[in-house]
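In what follows, a structure is listed as structure tokens, so that the remarks can point back to it.
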Amino acid sequence: MSAMTLTPIEKKPLSFALPTICAAGGFAGLFVGTAHGSGLIGVVVGAVVLMVLGYIALQILGPGMERPVRWGIIALFTVAGVLLAGVPGFVLGGLFGWFFAFFVYWIGEGRYRANLAPYLTGGQVLWHYAFRVICGAIFVFLITPILVVMPLSFNAQNFFTFTPEMLRFDPAGYSLKHYQDFFTSSGWQQALRNSLAIAPVATLLSVSFGTLAAIGLSSEHVPFRRAIMAILISPMIVPLIISAAGMYFFYSRIGLQGTYFGVVLAHAALGIPFVIITVTATLVGFDRSLTRAAASMGANPVTTFFRVQMPLILPGVISGGLFAFITSFDEVVVVLFVGSANQQTLPWRMFTGLREQISPTILAVATILVGISVLLLITLEMLRRRSERLRGMSPG
Amino acid sequence: MSDTTDTGPVLAADGTPLKRSLRRALRAQKMRALALIAPLLIFVLVAFIAPIADMLFRSVENQIVGNTIPMTVEELRDWDGADVPDEQVFRAMFFDLFLAAEAKEHTKLGSRLNYEQSGMSSLFRTTGRRVDNMGKVFQNAFKEISPQFDDAQFWFDMMSGGAGAEGNARLISNQIGRLERLEATTFSGDVGFVPGAAISDILPNTARAYAAFAAFTHFVNEDVVSEKKPWEAVHAALAVDLEEPATAAALAAYDGPGADALRQAAAAELPPIDMKAAFVDANKDWSRIEYWQVIKTYSPPYTTGYFLNAVDMEKTTQGVALRSDDERIYGLLFKRTMFMSLMITFSCIVLGYPVAWILANLPARKANLLMILVLLPFWTSLLVRTSAWKVMLQQQGVINDVLVWLGLVADESRLVMINNQFGTIVAMTHILLPFMILPMYSVMQTIPPAYLRAAKSLGATNWTAFWRVYFPQSVPGIGAGSILVFILAIGYYITPEIVGGTTGTFISNRIAYHISTSLNWGLAAALGSILLAVVLILYWAYDKIVGIDNVKLGG
């Protein structure tokens, strides 16, 4: 796709390229300037530097010298960065340099037009890129909080923010002490053990019941299908605080409040909708004539289920199980009410830690949990592909 | 086929008509499907639906008053509420409160009524400590008349009417039932005491009080009834019985155990019985009519009181009325919850729409890569994201640091972005954004890009083409995402609790507060029921617009 260009690129006149580059430089200079006392000086310096660089690159040296000029610009910005702000400046300067080295040629050589329809007006091109910048900003909004947590978890200090040592990339500013804390503190380890004791059992319950029910629901002859579906999905719809309140009242009535079994039961109920939804979705693509074929060859229903149906819907069952697992593993509101101190799970401990702000160990735990969710995401994606492949293989 | 000449019904292999055979097979299939669903359905009904039903029940349930002070409730039924109740009511209250104080249940009733009228809690607590003394007067008086009244076995024989006497089994089982309701448990087994039928006719109050004492001694204290001296309340009951002129006459003809001592007591001068004075002496608030009105108002087993409370109203003698301005908090809280959920939904639409659009219109490979940026936050633990926002938004946090470093904000005037509505809205927008993007994305994927090009080729500007052609087709996605986000937002608890401070909290935080801190479960249940109703209406709308079967997970 990207190899094909929609519009032949052509060199833009300097009267267009230089002011654009100059404006970009001024904009970047504004931030550097305000950080060092005067925004105005920053704007002027940025604009002038970029104008000069653009002129040299585009007019004096020309596109033939692109590669060395690019490296030159990066080197120049890196040095400037180090002079202005030390080690963090090195990284920032390098990034700025890389961007402007690209930007100068992108504008000057008219490359920005390459993938756009030739009939677009200047305004439309501008909007096209502005829109992408906006989307980029939203993606940054989505991902930054998660990315920020990770380096902070290596903080050598007990602060929730970047220390000057960290910004200088001083090794003394980093340490694994919060991880060490997590792995040696008996409270955190107990919480981890509780989480691992509750989530798998709850998952097993919801997956076994849920899969059977989903198979039953996929039959065309079920009476009150909508009503049953509504009841089975309801744990997902009802706000957690209401489920938690109801379960707290009811379970304390029947003596399950504050017990391991009560928490497992509650979490299994919360995980069921996810199993039902994913398994039902997989069963939509399941070819029923396969079970009939198996039956006609003499397999009894149990054999048919385990040898024919189960292998085909397994990806859906597993991804439903993963959803159920993460629901339980992540759940805090219900366990807060239904559980007692003996069932304190990882999220519960994080919650109390956040409320009382004890230590940045929470950030280490958070980083570990992000790692787990990345693994889950990859597993799910692989399962989805496998499921599609299997469905593609089965006729109809 | 060759058998088209057959005129009879089509037969299956075993000779039954095909129609019937088919129907039977279908029924078997239906039963099998139901059998597969049944375990899960029962599971969900027990583990989830029953708790919800219990919560709805608790929002109107008010049996504590009737269970704790049943006789007072009975006596108050005819009270007109105009003046302080008469002596009869106070006597009933004395016997009720005595038993409740023994069972240590009176403070629960006090805190229950304190939700409606502050001061009730201390009223019941202080009086509960004094009821022993109120009865002590009579105990001492009887002891002086005859030392036999200080003997446990004497009382037991007297009240059971001696060996072989006809028993009043109903009275004792009534008292056991009452104790069960008071303690909210069930007792099984024999008390080892049955009040004599004759003596309970002559001394009804004493028999009742002694039966209550016997049941309590046996089941709660797990003692032998005949070895324990009766409570002060039993003596007081005897005094009440002997006050009746008819009792002395009936005693004259009685010859059961203790008859002599009783006749002696009936003839003697007893201290006057003035429970009203004793109560007012214990706590002068007992002479306040409004306290009695609260007891009467909340005596039925079911009440709308919690719901009225949840919408800032209260029951008064003039009927239902709005609370005074400074006591209206729930209306404000519901409004705030609505406002913030709407703000979050709106921010999600604004931020989600461009992202969904670009994901749907980029080539698949790039779109899949960018999709990771949406799915990773979606899959990351809620606590992780909330802690991330706490780290980012605090005054010494990352955003403020960056702003200070850039010189946009002075170090001493760092922005307050956490523990207020702003913090909650930002954090929750981030947390719920994937729930908006994913439904929008799946709708936008189905809109052919050729439509936009066609519109433009017919002369539409970019904006017209988008607004008149693309946008209307993407509305279902916006609707689905909005309802989903709104439903999720309105019931959120964790994030507002951590980043919301006092001004950025939701109704759910108040529900949690009433469950775990103020212990006003009824009010928590009523607030929860209102929230549940709102969510169910929205869910119904979601089902109409999108359909539950179309809920997609993870794109």
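The values are calculated or read from the model by the stated rules, or taken from the named source; none is laboratory data. Just so it is clear, the model here is predicted, and its values are computed rather than measured. All Cβ positions, even for glycine, are placed from backbone atoms using ideal geometry, and neighbour counts span all protein chains on display.
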Unique match (being under 30 Å from B:Ile487 (Cβ atoms) and free of Cβ contacts under 8 Å to residues at least 24 places away in the same chain) among B:Ala427, B:Ala388, B:Ala455: B:Ala388
Within the set of pairs 6 or more residues apart or between chains, which connect a residue that is facing chain A (nearest Cβ under 9 Å) and on the phi < 0 side of the Ramachandran plot inside segment B:502-518 to a residue that is surrounded by 13 or more Cβ atoms within 10 Å (Cβ to Cβ) and basic (Lys, Arg) with Cβ atoms less than 9 Å apart? B:Phe506/B:Arg336; B:Ile507/B:Arg336
Provide a single number: the residues in segment B:525-545 that are among the hydrophobic types (A, V, I, L, M, F, W, C) and over 19 Å from B:Ile483 (Cβ atoms). 3
Enumerate the helices (runs of 4 or more DSSP H) found wholly within segment A:239-321, keeping only those where 1 or more residues are under 22 Å from A:Pro200 (Cβ atoms), over 28 Å from the mean Cα position of the chain (by Cα) and at pLDDT 90 or above. A:240-253, A:260-284
For segment A:96-135, which residues satisfy the criterion of being free of Cβ contacts under 8 Å to residues at least 12 places away in the same chain and more than 32 Å from the chain's Cα centre (by Cα)? A:Tyr119, A:Leu120, A:Thr121, A:Gly122, A:Gly123
Can you spot a residue in segment A:290-313 that is in contact with an Asp or Glu (Cβ under 7 Å, 6 or more places away or on another chain) and either under 29 Å from B:Pro51 (Cβ atoms) or in contact (Cβ under 8 Å) with a residue 60 or more places away in the chain (or both)? no
Residues of segment A:112-124 that turn out to be assigned to a helix (DSSP H, G or I) and either within 9 Å of chain B (Cβ to nearest Cβ) or exposed (fewer than 15 other Cβ atoms within 10 Å of the Cβ) (or both), as a count: 3
Name the single residue, out of those in segment A:348-366 being more than 15 Å from B:Ile494 (Cβ to Cβ) and surrounded by fewer than 21 Cβ atoms within 10 Å (Cβ to Cβ), that is nearest to the other protein chains (Cβ to nearest Cβ). A:Gln357
Report, ordered by the first and then the second residue, all pairs with beta carbons closer than 7 Å, sequence separation of six or more or different chains, a first member in segment B:331-350 that is within 14 Å of B:Gly491 (Cβ to Cβ) and in the same structural domain as B:Ser474 (by TED's automatic domain parsing), and a second member that is surrounded by 19 or more Cβ atoms within 10 Å (Cβ to Cβ) and among the hydroxyl-bearing types (Ser, Thr, Tyr). B:Met340/B:Thr424; B:Ile344/B:Thr429; B:Thr345/B:Ser482
Going by the structure shown, is A:Ile231 of a type outside the set (Phe, Trp, Tyr) and within 8 Å of chain B (Cβ to nearest Cβ)? yes
Cβ-Cβ under 7 Å pairs, at least 6 apart or on other chains, segment A:170-199 side without any contact (Cβ under 8 Å) to a residue 24 or more places away in the chain, far side surrounded by fewer than 17 Cβ atoms within 10 Å (Cβ to Cβ) and assigned to a loop (DSSP other than H, G, I, E, B): A:Gly173/A:Thr163
Among the residues of segment B:214-233 satisfying the criterion of being touching a residue at least 60 places away in the same chain (Cβ under 8 Å) and of a type in the set (A, V, I, L, M), which is surrounded by the most Cβ atoms within 10 Å (Cβ to Cβ)? B:Ala233
Just a yes or no: is a residue in segment B:242-252 closer than 22 Å to B:Ser59 by Cα and buried (at least 18 other Cβ atoms within 10 Å of the Cβ)? no
Return a yes/no flag: does segment A:190-209 have any residue that is modelled with pLDDT of 90 or more, farther than 24 Å from B:Ser381 by Cα and part of a helix (DSSP H, G or I). yes
What is the number of the single condition among (1) in contact with a His (Cβ under 8 Å, 6 or more places away or on another chain); (2) in a loop (DSSP other than H, G, I, E, B) that B:Phe124 does not meet? (2)
Can you find a residue that is touching a residue at least 40 places away in the same chain (Cβ under 8 Å) and either facing chain A (nearest Cβ under 7 Å) or surrounded by 23 or more Cβ atoms within 10 Å (Cβ to Cβ) (or both) anywhere in segment B:361-368? no
Taking the condition assigned to a helix (DSSP H, G or I) and not small (Gly, Ala, Ser), does B:Leu519 pass? no
Considering only segment B:163-173, state which residues are loosely packed, with under 15 Cβ neighbours inside 10 Å and either in contact (Cβ under 8 Å) with a residue 40 or more places away in the chain or within 16 Å of B:Ala214 (Cα to Cα) (or both). B:Ala169, B:Arg170, B:Ser173
Go through segment B:426-463 and give me each residue that's over 39 Å from the mean Cα position of the chain (by Cα), closer than 23 Å to B:Phe346 by Cα and part of a helix (DSSP H, G or I). B:Tyr441, B:Ser442, B:Val443, B:Met444, B:Trp463
Do you know which of the residues in segment B:128-148 that are within 15 Å of B:Trp286 (Cβ to Cβ) and in contact with a Phe, Trp or Tyr (Cβ under 8 Å, 6 or more places away or on another chain) is surrounded by the fewest Cβ atoms within 10 Å (Cβ to Cβ)? B:Met134
Which listed residue is buried (at least 18 other Cβ atoms within 10 Å of the Cβ), in contact (Cβ under 8 Å) with a residue 12 or more places away in the chain and over 20 Å from B:Val402 (Cα atoms), from A:Gly29, A:Gly54: A:Gly54
Could you tell me whether any residue of segment A:125-142 is surrounded by fewer than 19 Cβ atoms within 10 Å (Cβ to Cβ) and away from every other protein chain (no Cβ under 14 Å)? no
Does segment B:260-286 hold any residues that are over 12 Å from B:Glu87 (Cα atoms), surrounded by fewer than 18 Cβ atoms within 10 Å (Cβ to Cβ), of a type in the set (Gly, Ala, Ser) and without any contact (Cβ under 8 Å) to a residue 60 or more places away in the chain, and which are they? B:Ala267
Exactly one of A:Val370, A:Val374 is at the interface with chain B (Cβ under 8 Å from one of its Cβ atoms) and either within 30 Å of A:Leu283 (Cα to Cα) or outside any helix (DSSP H, G or I) (or both), and that one is A:Val374
Can you tell me how many residues within segment B:138-160 are under 20 Å from B:Asp223 (Cβ atoms) and of a type in the set (D, E, K, R)? 3
Listed by range, helices (runs of 4 or more DSSP H) wholly within segment B:226-332 having at least 2 residues that are more than 30 Å from B:Leu531 (Cα to Cα) and touching a Lys or Arg at 6+ places or on another chain (Cβ under 8 Å) are B:232-243, B:245-252, B:275-282
Can you confirm whether A:Val148 is more than 9 Å from every other protein chain (Cβ to nearest Cβ), over 12 Å from B:Leu373 (Cα atoms) and in a helix (DSSP H, G or I)? no
